[in-house]
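A.B. asks: Would you mind keeping the following structure in view while I ask a few things?
The values are calculated or read from the model by the stated rules, or taken from the named source; none is laboratory data. None of these values were measured; they are calculated from a predicted model. Accessible surface is based on the protein model in full, side chains and every heavy atom, while ligands, DNA and RNA are left aside. Shrake-Rupley method; radii C 1.70, N 1.55, O 1.52, S 1.80 Å.
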Amino acid sequence: MQVLHIPIIALINLGFIYLWNLKMRQRAMRTPKVWLAALFGSLFNVWGLDVIQRDFVVDSLPNMIKVSAGCWLVFVIATNAKYLVIYGWSKRDFWLDYGGDLLSFILAGILIYVST
């Protein structure tokens, strides 16, 4: 099984994450620790979406977008929504951060579908 597309898509996704943080959040990713954390998350998100796409034989682009959005909803929002209340995050910041993640998941899903 060819997996070269996973790190390539993860790097493209990392570029998106960088631009989202810079333009939408007005936060620069300055330290190697931040870049490494973002790359780590991007690699595992791409790998997870790739596994799901292959195991469930997602055979159309609209279905891959649904899978990507569903994974975001189930794994990202369901896991992190509690912190909105626990830590008192602002709803605006929460949705700016996790809205970027939604677009990141969809971008990765589209690239996975196109590359496989």
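A.B. asks: In whole percent, and with a 1.4 Å probe on the protein chains, what portion of the accessible area of the chain is carbon and sulfur?
C.D. replies: Carbon plus sulfur share of accessible area: 70 percent.
A.B. asks: Report, ordered by chain and residue number, the lysines lying within cross-link reach of Lys91, taken as a straight Cα distance under 23 Å and ignoring same-chain residues fewer than 8 apart.
C.D. replies: Of all the lysines, those that pass the test against Lys91 - Cα under 23 Å, at least 8 places apart if same chain - are Lys23, Lys82.
A.B. asks: Rounding to the nearest 10 and keeping the result within 0 to 90°, find how far the Cα-based axis of helix 91-115 lies from the longest principal axis of the chain.
C.D. replies: Compared with the principal axis, the helix lies near 20 degrees.
A.B. asks: Where is the GNM fluctuation largest for the chain (alpha-carbon springs, 10 angstrom cutoff): Val57, Val67, Val76?
C.D. replies: Among Val57, Val67, Val76, the largest mean-square fluctuation in the Gaussian network model of the chain belongs to Val57.
A.B. asks: Another one. At 1.4 Å probe size, with every protein chain present, just tell me what the per residue accessible area of the chain comes to in Å².
C.D. replies: 62 Å²
A.B. asks: Leaving ligands, DNA and RNA out of it, rank Ser115, Ser60 by accessible area with a 1.4 Å probe, largest first.
C.D. replies: Ser115, Ser60
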